[in-house]
Amino acid sequence: MNKRSFASVATALLSITALLILLALMAWTSADAPTPARAAPLLAVPTVTGVAPTSAPNDLDTPLVVTGTGFTTSTLVLLGDDPLPSGEVGWVSATVLTATVPWGTEPGVYTVTVFNPGEGSGSRPNAFTVTQGLGVWTTNGPYGGHISQIRIHPDTPTTVYAVALQMGVFVSYDGGANWQPFLMEGIGEGIEFDAQDRDIMYLGSGRRTMDGGQTWETLTIHTPIPFKGWAYHLTADPLQAGRLYAAANTPHPELKGGILRSDNYGEYGSWITLTEGISDTQFTVIAVHPADNDTLLAGTESGNLYYSLNGGQDWHWATQIEETVSRLFFNPYEPLEAWATACREDSRSPWLHKSTNLTTWTPIDIDPGQTQGSNGWSLGFLPDKIWAGAWGVYTSTNGGDSWTPVPDPAGAMSLDVHPDRPQEIYFGEFTNGVFKSADGGNTWQETNQGLAGVNPSSVLVAPDDLQTIYVKIDPGLFKSENGGQSWRSLNFGGGGFPARTKLAIDPFQPNRLYFGHGCPDSTCLWISDDGGESWTVVTVTLPAAYASWGGGFWTLAPHPGVPGQIFAGVQVGPPEDFWDQSEGLFYSSNDYGVTWNHIGPTQPISPVREIAFDSQNPNLIYIATQGSGLWKSTDGGQSWVATPSPAGLKFIETVATHPEIGETVYVGAGDGLGGPDCGVYVSDDAGETWTFLSFGIGGQLLFSPTMPPTLYGGEASGQFWGLVRSTDGGQTWQRMVDAPYPISLATGTDGERVVLYIGTPGGMVQVTLEDVLRGAGVYRWTSRLPTARVYLPLVCRGYAP
């Protein structure tokens, strides 16, 4: 609590004391005076019936809503024995009050009391719990993600698994109400269970657990050959314990894929090849009939379908469905009914095919003319109904001859239904996580609590409010006004490559946001003046030499010392090969992003990664590129030169300047191959000479305004992937073993505390010497500054290094 808050509390206490003394004096002076008989006055004794929220961490100011009766404009609110700041208690009605629990409150369980001076009080015991938030990592989303597979446990339908594409696997043990990380590794899809021991599970990427997910190992299916590249899709036999199939493919011309089988849980040396003699061996998927494990169906990269009726001893070509076969399904209630779906970029229906004998196949057009999604259809089967999901959800009760769209769902990348609970359907959405219906598809609810499957590519904190933060994730932009305790979508949508700094906040107009979201036919920038609630678009003209190219804002950096000035890195490239031939251009604006000027460089360079400003000289600006080294301007952006590269390294992943020492600049430099010279370098002469500091530290570098300034970065070396920090300018580094690896960082201070936010894909960390699996999302760490004090209760705030 700051001094203003303490003054409010003190004033309130003095007012109460003075009022009680005045009432006592009045009673004493009138004790002997005759008074007319009258009825006793009705006292407005308040009551407390509810408090929301019921708990909060103590590193945030927490708005509190108190409900009850008998509230007046003079009602005070007490937490325990201490009044909350009277200036922040608001009277809404006789039944509703608002208040603020200040950060720094000691952890504990508190009684909430309301007090009407001179009339009485009411309390609600154990109504509010304060948890420790200072010096610990806290997260609450945002939740969701690109869910490429939903899988209900075959024996326990309340246990559900969700694969968040390239992020990891999550599990819910209560029917989707709450999720927790199961394995934080980037995989596509493919959760399989052993036929007998359900603790033995496989992932399509070639991973296996024998203990229900406690530990994982990578299966060795082929003899490892460096740089040859194998891709696998695993399928467990639903009837025979220990039997596992692998559909294998490789891009290497000297190697062949195929269908392989192990009868010993995938152990190395137990695999045999079943597809000798088949010319097309680049298999992408295999399915086993759930009621007859001799019946197999497999698909290839070129769209060929093969089937076997004797467990893979003999294979027969069935058809070619034009594109890569992505998913195969058997209807468990029909002997030979099978379904195949293909994936392609130009994914128009009917990329679903059906067979009732495995030899002849019929294309199924579920919703003519609609885009169905690059991964094809996901199907779920019940005795009397088929569920299908792609960019919509449909049902069929006549074997797929006709389909009925299900209301509400926007698109299902994956879908599952359990025969024991036919009214419960789950689907995984392209960006927004998991949805569930408990009434056969009539209504749907988003059910993502704890499903930390999003990758925060950009995290920003408002300069005027440490608890207002923005995050760019694949689904779009999200905003939190309580330090990440809750989130809401800004309804902007996704799109564009998730560069770290495509989203920026103006340091002089904190409600003004800049977002480099692409436009279909132009290079453009989106601007919001109301904290992301609404947006306008500004179009930028490319130089004549790039007139036929496309472009987009890659990096945005408002100048912290010059109002209205913004620098940007714009990535441009030819439409036919944008990513491989892209270049970087420098732009600037002097009117808060309304108009833009191309300011260099005078030669083609690689795209821009980051922009940084010297803390002492506003005209000294640095631009990091992903292949052309570090560039700088000493005249406020009018001219640019390339600085000497540290150890000849041209890939400058990140750049940061010392907040107190001019011309001191740090870079994370690499060569794209992880060579021995890659790491963090520092220059004390504006990039003219460099000193090597540390190997293996990269990601984003960021100084936090502690005393002394703390430099943060990410370390990816050996077995450690996590957050590191240095308080001596990078000379030595400390691993924060309880924090996952950061891909984006943001920090701010209000003079009493410093808050650090990290955006992370999650991973394994150590908490009190135990390994803990962290999900992806935004994490918060709050430290007290040395001068900070707490006044509720009256104890000192110590310094948390």
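Points worth noting:
- Förster radius 35 Å - calculated FRET efficiency between PHE692 and THR749 (Cβ-Cβ, nearest 0.05): 0.70
- 0 to 90° range, to nearest 10: angle between helix 3-29 axis and the chain longest Cα axis: 40 degrees
- Taking the protein heavy atoms of the stretch 92-206 in the context of the full set of protein chains, the accessible area attributed to carbon and sulfur is 45 percent at 1.4 Å.
- Where the stretch 233-294 is the region considered: accessible area per residue in Å², 1.4 Å probe: 41 Å²
- Computed from backbone phi, the HN-Hα couplings of the stretch 669-681 come to 10, x, 10, x, 10, x, x, x, 8, 5, x, 9, 10 Hz, rounded to whole numbers (Karplus: 6.51 cos²θ - 1.76 cosθ + 1.60, θ = phi - 60°; Gly and Pro given as x).
- Heavy-atom accessible surface of the stretch 707-761: percent carbon and sulfur, 1.4 Å: 52 percent
- Cα-based Lys pair tally, the chain, threshold under 16 Å, eight or more apart or on separate chains: 5
- Share antiparallel - DSSP beta bridges, the chain, percent rounded to 5: 95 percent
- Heavy atoms of CYS524 accessible to a 1.4 Å probe, total area in Å² rounded to 10: 0 Å²
- Mean ellipticity per residue at 222 nm, deg cm²/dmol - from DSSP H runs of n ≥ 4 across the chain, formula -39500 (n - 2.57): -1000 deg cm²/dmol
- Measuring r between the beta carbons of ASP685 and PHE508 and using R0 = 25 Å, the FRET efficiency lands at 0.25.
- Neighbours of GLU663 by Cβ distance under 14 Å: Lys/Arg scored +1, Asp/Glu scored -1, total -4.
- For HIS559, the residues 5 or more places off, or on other chains, whose built amide H falls under 5 Å of its own are GLN565, ILE566, PHE567.
- For the stretch 505-655, the carbon plus sulfur part of the accessible surface works out to 49%, probe radius 1.4 Å.
- 1.4 Å probe accessible area per residue over the stretch 604-645, in Å²: 34 Å²
- For the stretch 624-725, a/c is not less than 1.5, where a ≥ b ≥ c are the root eigenvalues of the C-alpha gyration tensor, and a/b does not top b/c. That puts it in the oblate class.
- Each residue of the stretch 395-405 is assigned a 3J(HN,Hα), and the resulting list reads 10, 9, 10, 10, x, x, 5, 9, 9, 10, x Hz, derived from the Karplus form 6.51 cos²θ - 1.76 cosθ + 1.60 (θ = phi - 60°), x at Gly and Pro.
- Scalar couplings 3J(HN,Hα) for the stretch 420-429, obtained by applying the Karplus form with A = 6.51, B = -1.76, C = 1.60 to θ = phi - 60°, are 6, 9, x, 7, 9, 10, 10, 9, x, 8 Hz; x denotes Gly and Pro.
- Amide H within-cut-off set for GLY550, under 5 Å, with H built and near neighbours excluded: GLY573
- Rg/Rh ratio calculated on Cα atoms of the stretch 362-483 (Kirkwood radius): 1.10
- Relative contact order (%) - criterion: Cα under 8 Å, at least six apart; region: the chain: 8 percent
- GLU192 exposes around 30 Å² of accessible area when a 1.4 Å probe is run over every protein chain in place.
The values are calculated or read from the model by the stated rules, or taken from the named source; none is laboratory data. Since the structure is predicted, the reported quantities are computational estimates derived from the model, not experimental observations. Here Cβ is always computed from backbone atoms with ideal geometry, including for glycine, and neighbour counts include all displayed protein chains. These accessible areas exclude ligands, DNA and RNA; they are computed on the full protein's heavy atoms, side chains included. Shrake-Rupley method; radii C 1.70, N 1.55, O 1.52, S 1.80 Å.
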